[in-house]
Each structure stands twice: as C-alpha cells, then as structure tokens.
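Working notes, structure below.
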Amino acid sequence: MSDKIAYSRQGDIAVLTVQNPPVNALSHAVRQGLWDRMDQAEADAGVRAVLIVGEGRAFFAGADITEFGKPPLEPHLPDLINRIEASPLLVVASMHGVSLGGGLEVALGCHNRIAVPSAKVGLPEVHLGLIPGAGGTQRLPRLTGVEPALDVMTTGRHIGADKAHALGIIDVVQDGDPMENGLAYVQKLLAEGAARSPVSEMDPPAPIDWDSAFDAILARGRGQISPAWCVRAVQASVEKPFAEGLKAERQIFYDLMQTDQRKGMIHAFFSERAVSNLPELKGVDPRPVQHIGVIGGGTMGAGIATAALLAGLRVHLLEMSAQAGEAARGRIAGNLAGALKRGKISADQHDAILTQALQIVTSYDTLSDVDLAVEAVFEDMEVKKQVFAELDRVCKPGAILASNTSYLDIDAIAATTSRPGDVLGLHFFSPAHVMKLLEVVVGAETAPDVVATGFALGKMLGKISVRAGVCDGFIGNRILATYRTAADQMILDGASPYDIDAALEAFGFAMGPFAVADLAGLDIGWAVRKRKRAEGQAPKRDATYADTLCEQGHFGQKTGKGYYDYAAGPKARVPNPDVTPMIEADHARLGITPRLFTREEIVRRYMAAMVNESAKVVGEGIARRPLDVDMTLLFGYGFPRYHGGPLKWADIVGLEALLKDIKSYAIEDADFWAPAPLLEQLVADGKTFDDLNKKG
Ligand code: T1G
C-alpha cells in the first residue's frame, strides 16, 4: 500500500488523507495509493462513504509535472477518476489551498465538493501547453455550462471558492478545518439519504458556435495553440457520449504533450522557480530588510518605491527639492490608485501607505536608518558616484547600497565607497511595480549575504530575480542590443521595420522590436547609439535613419510619431510615411541595393543574433545558466513563453543548424557574427543548453 494516502475510519466514513508534500502533486504513488485505498474502503465492512482530503497546504496541485515526457504509468489519472466516480460509496472532496488541474479533476470525479472560503480551484494546463486531460473538459461544462468552463480552461486562472460555488463547481463553502467540514458534510448527506450524483451522468450543456470560439481563442493566443484546443475537447463533451468525449479529450491531450510548445512551457514553469535558487547561496542568510531608501523619484524611482510599499516595506524617498518630492509622491499615488482599482490593496491599506509607510525627504541624513538604499538617478557615472558618496557617509553599517543602473559598471561604483562588499546592482524594469524581472547584478566585491539579500528583496517584491555579472547591459540589455542591431542591419539590407515587426509578432512576440522601441521611447536607443559611437563600438555599417527620426523630435508613442504614427491611437499601428525615405537615404549613402527578406529569414537572423549573444553571456559567466537567460528574456523582454526562452528554443530547433546559419552570416560581418565559443563547444560535443542547466 502506498504511504502517500493515509486511511482512517470515522464511523461509517473512510477518510483518505493525501500526504505528498509540498503540494500533493498527483504522482504515480499518489494515484496508486488512491486506487488502493478506494478498494480498501469498498471492502471495509460498514463503510458507507469516502472523504478525500489533502494534508498540508493544498488539496492537489495537479498532475506531477516532473513525470511529463516520461512513459505514463498506470493507473492513469483519467482512469483513477472514473474509478472514484463509479464507486458504489458516496465520495466527497473536502478542499483547501489549491485544487488545480488534475486536482480539480479528482474533485469533479467525486460526488460532492465542499471547500473552505480561502480555497482556490483552476485548470491551468494551458500554461503548460496542454489542456485538462483527466475529464475536466467533459465534467466541468456539465456543471457550469460551456462559456464559463471555457473561460476557466483557456485562461488557466485560479478561481476563489465563492465564485466556484456560484458557478456550480463547489457545492458548499464552509469555514473551518477541511477534515471536520468534510466529515460533517458527509454525515449530513448520509442522514439525508443523498444519492450519489456522478457528474458524468449529468446532461451535456447547450452547444455554442464552436468554430468561431476556436478561431477567436486561437487569435488571442498569439500562436499558442492549446487554449483553442480546449474548445474542441468541450465540443466533444456536448456532441459525444461521455466515454467517447473522454477519448477525444485524451487524444487532444496526448497530441499536445508531443508539441514543442509543451516542452517550452514546462521548461518555463520549472525555470522560473529554479532561476532564483542559486547553489552558492545555500545556507547564506540574507540581511533583514524592512525599511528602504529610494534615491530619485522619477518613473523608475517611483515604481521601485511603489513595489516596496505594496510589499509592506517602509520607504524614504529622497528627492532634491520639496517640489520634486511632491511630484514623486504624485507618481506613487497614481501607481497605488491602479493597485487599489485592481483590488491588490484595500482603501485602508492605500491610505496607510501614503500617510505612514511613505516618507518623502530631501536630506540624505534622513536615510541613516534604512536597511537598503537603491538609487534610480540619472544614468551618468559621475552622478551615481556622488550619490554613493553620500549614501556611504550617512547609511548605517550593514546597510546595503544598490544601484538601479541598466548598464553602468557596478564595480566602478562600489570602488568609490568604503564598503564595496555592501554594493550591488538591482536592475528593475519599467514600470518597476509591474514588470516581474529583477536583475541582481553582483560585483567582484559583493558579499554573499548581500547577494542573498537582493534575492530575498526580489521575492518580497514578487519579482523573478536573475543573477547577473557586470558587463555593459548585464544580461537582458546586452542581448537586446545585439538582436536590435541585427534588425537594423536587415533594414540596411532591404527589410522594412514593419515587415520585421510583423515577422516577430507572427513568431509570438506581443510587439515587434520597432513597436517596442516606440513604446519605450526612441530617445533611449538614440542615447545608447551615441554612447557606443563615442566608445568606438558603433556597428561596421552604422544606420543613421533612426537618428534622423529622433533629430526630428519623433520619439515614438510619447511624441505621437516614431516608426508608427499614433494619431489614430497606439493600437492602430499606422506606419509613419516619413520613415521609408530616411531608410532609402541610408541605402543611398552606403551604396546598398536593397533586397527582399522573407518572414522566415527575418526570424532566423533575429533569433540567431539573440541566441549567439545569449551563448556569449552564459559562456562568460555573466548569466549563471542558460535558463537564467531564458527567464530574463521571458520576464523582461516579452519573449513568447511557449518557446520557453531563446536557449530552450535553440535546443528545440537544433544548435547545429543555428551555428551553420551564424557562420553563413559571418561572411557578411565576421565581428558581429563571430560564433559564441560555448555554442561551438556544445555543437562539437553534441550537447544542448539544457545539459548545462542540469549542472546548476
Ligand atoms: N507537479 C510537480 N511539482 C510541482 C507541481 C506539480 N503540479 N506544482 C508545484 N510543484 C513544485 C514546484 O516545482 C516547487 O518545487 C514546489 O512544488 C512548490 O511550488 C491531467 C495534466 C501549486 C500554486 O499547473 O501553480 O494536472 O522548487 O514554488 O508558489 O489535467 O506550484 O520547491 O522543488 O510554485 O506556493 C496542473 C502548477 C498540472 C499547478 C504552488 N497544475 N503549480 O505555488 O509554490 S497539469 C499546475 C503551481 C495537470 C491534468 C493535467 C504552484 C502552486 P521546488 P511553488 P507556490
């Protein structure tokens, strides 16, 4: 008998308690245990009902994702659930914590469901590139109707107990202990002589326009296919007998299990958890952080302060004048109003943050008690050094001094202080209270417990924190600069920015690079190009059309014109007719005869540049592992999640073919397309980037 399911008797009720920490995943041992304990209950004289309850913090988190990609072992989850439902005994689920995926499907196979108010249910399989594969697409519509069931499945959202009760998913919401609630509920049902009510025997729901629903959801997925396939599985629940519908669901589930999108999304699921678990920080205690100082109240500083305030920290925000301080307070209040509107904070919390937790100050001396100070001032090394000199003077011993710089040398900043071990980079992405990515930039002198504190702060702020070494642009912006240059070089050779945006949006990006540049502000890239030219790092063929655009004051959305003309609004994406003549002027200046680019070539070149620079970033130790680069691009640069990240995508398409592409491009520009040594080594050894992830 499996030790994952404890068996006990409470009168004429058999209690099956699931004990598979940390989240009661439905591993093979759990499935076998449930099957065996159901047999035991049915053979146990006097038992009239079975109660299933989870120990620990969840009912069930779903199928055991670590088993995906391996040969499935019996009992398969759909068969187990059918077995539970077919029991002659009354079977009741008492839910708390999460009941997700197969976990909710087990509950739907029970005859009744009770939950505590804090319980959440969901079918998040689409986030793994799948659909519910254990009866969820067949049973849920019978309880809720088609539209609500499709909303649950195609969004993968977690639903609170009260809403689940309103939808008919849960029968009773009852505060208290799940075991006691469950026993009382079963006893009540038995006393009432309640008949078993198998969901599979309920009438199927009314049909909808399946093809329109499929097309609409496919379009919304920006290339991800599994949400749309939920429609076809639910369609089978309406058009076929239950057993046939189950088979149809299983086939779709099995087909999706074979897809690259499933590989990419499972990689993303585990990588976003692994990326912040650094082997070198095992056993290293972070320093306590309850009170932080933010220097600079512009967009970034206000965003960082907002993120800290929402995490319950006290914040002293320093600006150079009372007027600038009030402007910063206004930005923070605007950010908090959004959080209040979205229900992330209550009105009382909102008011307490603005009246107590946040202090706007204008003197460095008020920062003497902060546990950590982070500056978000002008991106100029001299300005940064002055700020750090003041922080070094006023902050208490042990306080951490952090810079939000997006590319400046952390080691050079640290060297200007008396405490280089307490200095690190905390590179937030704008808007800092919304974007999940945080690059924790580790200097040569940064102490391990300071690094640990950076990650602990990131966790408090709900960030995906990635360790980055010191170089120009750290991980994300360094790679961005390269693939953006590849796009500019394609423009010089004849591609249009609009074809490039369209090709990358078809690849799965929400916005192509030129639409993104318009959103971020073309002046940012302009400043980087001018800096790199001053540092002698301009590309061999230097595009000037983008400078011309900026010289005319067109910075993108914020000025109403950039690559696109925003007179009709940001969604219209009307090309700016002035851009093409500027590009043609570059062709003439450089003596280039423009050629056509197919979408396929655009994507191959763009991705080859991204993968090649990513491999250099890993090879040089700027990023610890390939998954660190994948998570940086996913959470900071909108890389399509279903590809898993650029290096997971590279493993899937094949490193040998990619290296061949890069070597062919190197004929045009040997410097820009110099193959990454790590990529060449992996191809020579017949290995993948994932092999390096396993080394940790
Ligand atoms: N399988 C295996 N391990 C899992 C797991 C799962 N389903 N869920 C979590 N873990 C591990 C996770 O990797 C981490 O491990 C630890 O548990 C704590 O997780 C047939 C096929 C449940 C809301 O998609 O959403 O059912 O890093 O850090 O923030 O239709 O985990 O400690 O070694 O995330 O409190 C559907 C996925 C599966 C749910 C908890 N279910 N999990 O969040 O902790 S497919 C899911 C989550 C399916 C059926 C189909 C979250 C959580 P480690 P954590 P958390």
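The values are calculated or read from the model by the stated rules, or taken from the named source; none is laboratory data. In this text the structure is predicted, and so the values were computed from the model without any measurement. Note: ideal-geometry Cβ built from the backbone for every residue, glycine included; neighbour counts use all protein chains shown. Accessible surface areas use protein heavy atoms only, side chains included; no ligands, DNA or RNA. Shrake-Rupley method; radii C 1.70, N 1.55, O 1.52, S 1.80 Å.
Quick look at the values:
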{"quantity": "Part-to-part distance (alpha-carbon centres) for the stretch 1-66 and the stretch 168-240, which is given in Å", "calculated": "22"}
{"quantity": "Cα pair distances of the chain binned at 10 Å [whole percent]", "calculated": "3, 13, 20, 22, 20, 13, 6, 2, 0, 0"}
{"quantity": "Rg over Rh, two decimals, the stretch 512-586 (C-alpha only, Kirkwood Rh)", "calculated": "0.99"}
{"quantity": "J(HN,Hα) series, the stretch 642-656, from Karplus relation 6.51 cos²θ - 1.76 cosθ + 1.60, nearest Hz, glycine and proline x", "calculated": "6, 8, x, x, x, 7, 5, 4, 5, 4, 6, 7, x, 6, 4"}
{"quantity": "Projected area averaged over orientations for the stretch 471-534, convex hull of C-alpha atoms, nm²", "calculated": "4.7"}
{"quantity": "For the stretch 97-250, the spread of Cα positions along each principal axis, largest first, Å", "calculated": "49, 30, 22"}
{"quantity": "Antiparallel DSSP beta bridges within the stretch 361-492, percent to nearest 5", "calculated": "25"}
{"quantity": "Scattering profile of the stretch 365-414 at q = 0.16, 0.20, 0.24, 0.27 Å⁻¹ [log10 I(q)/I(0), Debye over alpha-carbon scatterers]", "calculated": "-0.40, -0.62, -0.87, -1.06"}
{"quantity": "Protein accessible area in the chain, 1.4 Å probe - carbon and sulfur %", "calculated": "55"}
{"quantity": "Distance from the stretch 595-610 to the stretch 478-538 (C-alpha centre basis), Å", "calculated": "13"}
{"quantity": "Value of relative contact order over the stretch 1-96, rounded to a whole percent, pairs C-alpha under 8 Å and six or more apart", "calculated": "33"}
{"quantity": "D (Stokes-Einstein, µm²/s), Kirkwood Cα radius, the stretch 2-258, 1.306 mPa s at 10 °C", "calculated": "88"}
{"quantity": "Viscosity 0.692 mPa s, temperature 37 °C, Stokes-Einstein D of the stretch 318-405 from Kirkwood C-alpha radius, µm²/s", "calculated": "226"}
{"quantity": "Inverse mean reciprocal Cα-Cα distance (Kirkwood Rh) of the stretch 282-336, Å", "calculated": "11.8"}
{"quantity": "11 Å beta-carbon shell around MET300, net charge (K/R +1, D/E -1)", "calculated": "-1"}
{"quantity": "Per residue accessible area in Å² of the stretch 512-586, where ligands, DNA and RNA are left out and the probe is 1.4 Å", "calculated": "49"}
{"quantity": "Between helix 242-257 and the chain: long-axis angle, C-alpha atoms, 0 to 90°, nearest 10", "calculated": "30"}
{"quantity": "Calculated P(r) tail over 29 Å for the stretch 289-468, as whole % of Cα pairs", "calculated": "12"}
{"quantity": "Projected-area average for the stretch 426-486 over all orientations - Cα convex hull basis, square nanometres", "calculated": "4.3"}
{"quantity": "Euclidean distance between Cα centres, the stretch 95-136 to the stretch 643-669, Å", "calculated": "39"}
{"quantity": "Per-residue HN-Hα couplings for the stretch 347-362 [Karplus 6.51, -1.76, 1.60; θ = phi - 60°; Hz; x = Gly/Pro]", "calculated": "4, 5, 4, 4, 5, 5, 4, 6, 9, 10, 5, 9, 10, 9, 10, 10"}
{"quantity": "Rounded to 10°, Cα long-axis angle of helix 260-274 versus longest principal axis of the chain", "calculated": "80"}
{"quantity": "Solvent exposure of the stretch 2-258 as accessible area per residue, Å², 1.4 Å probe", "calculated": "39"}
{"quantity": "Rounded tilt (10° steps) of 522-534 against the dominant C-alpha axis of the chain", "calculated": "50"}
{"quantity": "3J(HN,Hα) from dihedral phi, the stretch 5-21, Karplus parametrisation 6.51/-1.76/1.60, rounded to Hz, x for glycine, proline", "calculated": "10, 7, 10, 8, 10, 10, x, 9, 10, 8, 10, 9, 9, 7, 10, 9, x"}
{"quantity": "The stretch 610-696: relative contact order in percent, alpha carbon pairs under 8 Å with at least 6 residues between", "calculated": "35"}
{"quantity": "Three-way shape call for the stretch 1-152 based on the alpha-carbon gyration tensor, with the a/c threshold at 1.5", "calculated": "prolate"}
{"quantity": "Computed [θ] at 222 nm, deg cm²/dmol, the chain (DSSP H ≥ 4; -39,500 (n - 2.57); rounded to nearest 500)", "calculated": "-15000 deg cm²/dmol"}
{"quantity": "Using distinct alpha-carbon pairs, which all enter the 1/r mean, Kirkwood radius of the stretch 76-184 in Å", "calculated": "13.7"}
{"quantity": "Along each principal axis, Cα extent of the stretch 450-593, largest first, Å", "calculated": "53, 39, 29"}
{"quantity": "Contact order normalised by residue count of the chain, Cα under 8 Å, 6+ apart, percent", "calculated": "9"}
{"quantity": "Per residue Cα convex hull volume in Å³ - calculated over the stretch 572-666", "calculated": "161"}
{"quantity": "Partner lysines for LYS344 [C-alpha distance under 30 Å; skip if fewer than 8 residues away on the same chain]", "calculated": "LYS120, LYS163, LYS436, LYS459, LYS463, LYS558, LYS571"}
{"quantity": "Share, in percent, of DSSP beta bridges within the chain that are antiparallel, nearest 5", "calculated": "25"}
